[in-house]
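The values are calculated or read from the model by the stated rules, or taken from the named source; none is laboratory data. It should be emphasised that the depicted structure is a prediction, and the values quoted were computed from it without experimental measurement. Note that we place each Cβ from the backbone using ideal geometry, even for glycine, and neighbour counts take in every protein chain shown. Surface areas here come from the heavy atoms of the whole protein model, side chains and all, with no ligands, DNA or RNA. Shrake-Rupley method; radii C 1.70, N 1.55, O 1.52, S 1.80 Å.
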Amino acid sequence: MALSGTIQDALNEHINQEFQSSYLYLSMSAYYESINLPGFAHWMRVQSQEEYGHSMNLFDFVNDRQGRVMLQPISQPTLEFQSPLEVMQQSLGHERQISQLIHRLYEVAVQEEDYPTQVHLQWFITEQVEEEKVASNIVEQLKMIGSKGDALLLLDRELGARSAVPADRRAL
Ligand code: OFO
């Protein structure tokens, strides 16, 4: 079953959203580097790679369905933040928005009776639950830490241990 024009457009739009997420997290990584928190910077850089992987997963899916990938512009991400906590709060808010977009995309797949796209998107729906939980945990930990520098450095070390993601991973 080939992709309908409606689904193809919606998937292309979401490929762009995932690239946008990747770019935003790379900008957050740069901010963390600038305030000397290399562990947070590493964690955000890995997060950026994960989002790139999500884009490429959908890129491959559109091609596998004999659709046409049409890349769209990526806008400039936020450059400056007030604090390590504000970054993670923005990240959590961003993930919540992405979850909503994926749910809308799933609804389009249901309306179009596109069963392969519905099955494919189920992984993304589950992944968003995990991503919101992880971002929320870090937000809460940063609130507990407050202005305690030693606790912040401990969390920085912990986040710095996150494993990297292979650059162009097809199987997620
Ligand atoms: Fe692509 O998982 Fe977050 O946004």
Dipole of the chain, positive direction: furthest Cα of Gln89, Ala10, Gln20, with charges on the beta-carbon
Gln89
Shape call for the range 43-162, from the Cα gyration tensor axes a ≥ b ≥ c (a/c under 1.5 means rounded, otherwise prolate when a/b beats b/c, else oblate), comes out prolate
Dipole check, the chain, charges on Cβ (K,R +1; D,E -1), about Cα centroid: among Ala41, Gly53, Ala109 the Cα furthest to the positive pole belongs to Ala41
When ranked by the protection proxy of mean other Cβ atoms within 10 Å per residue, highest first, what sequence do the peptides 104-110, 159-165, 42-48 form?
42-48, 104-110, 159-165
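Can you give me the orientation-averaged projected area of the convex hull built on the Cα atoms of the range 1-107, in nm²? Spell out each step's value before the answer.
Details: hull surface 27.0 nm².
Average projection, Cα convex hull of the range 1-107: 6.7 nm².
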Relative to the longest principal Cα axis of the chain, at what angle does helix 38-64 sit, 0 to 90 degrees, rounded to 10?
0 degrees
The chain - mean residue ellipticity at 222 nm from DSSP helices (-39,500 (n - 2.57) per run, n ≥ 4, rounded to 500)
-26000 deg cm²/dmol
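Among 21-27, 64-70, 89-95, 76-82, what's the highest-first ranking by average C-beta atoms within 10 angstrom per residue? Working shown, then result.
Numbers: 21-27: 20.6, 64-70: 13.4, 89-95: 19.0, 76-82: 11.4.
Going by the mean number of other Cβ atoms within 10 Å, highest first, we get 21-27, 89-95, 64-70, 76-82.
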Could you tell me what % of all Cα pairs in the range 61-114 have separations over 12 Å?
78 percent
To the nearest Å², the heavy-atom accessible area per residue of the chain with 1.4 Å probe amounts to 53 Å²
To the nearest 20 debye, the chain has a Cα-centred charge dipole, built from +1 on Lys and Arg Cβ and -1 on Asp and Glu Cβ, of 320 debye
³J(HN,Hα), Karplus 6.51/-1.76/1.60, whole Hz, each residue of the range 127-144, x for Gly, Pro
4, 5, 4, 5, 5, 5, 5, 5, 4, 5, 4, 5, 4, 5, 5, 5, 5, 5
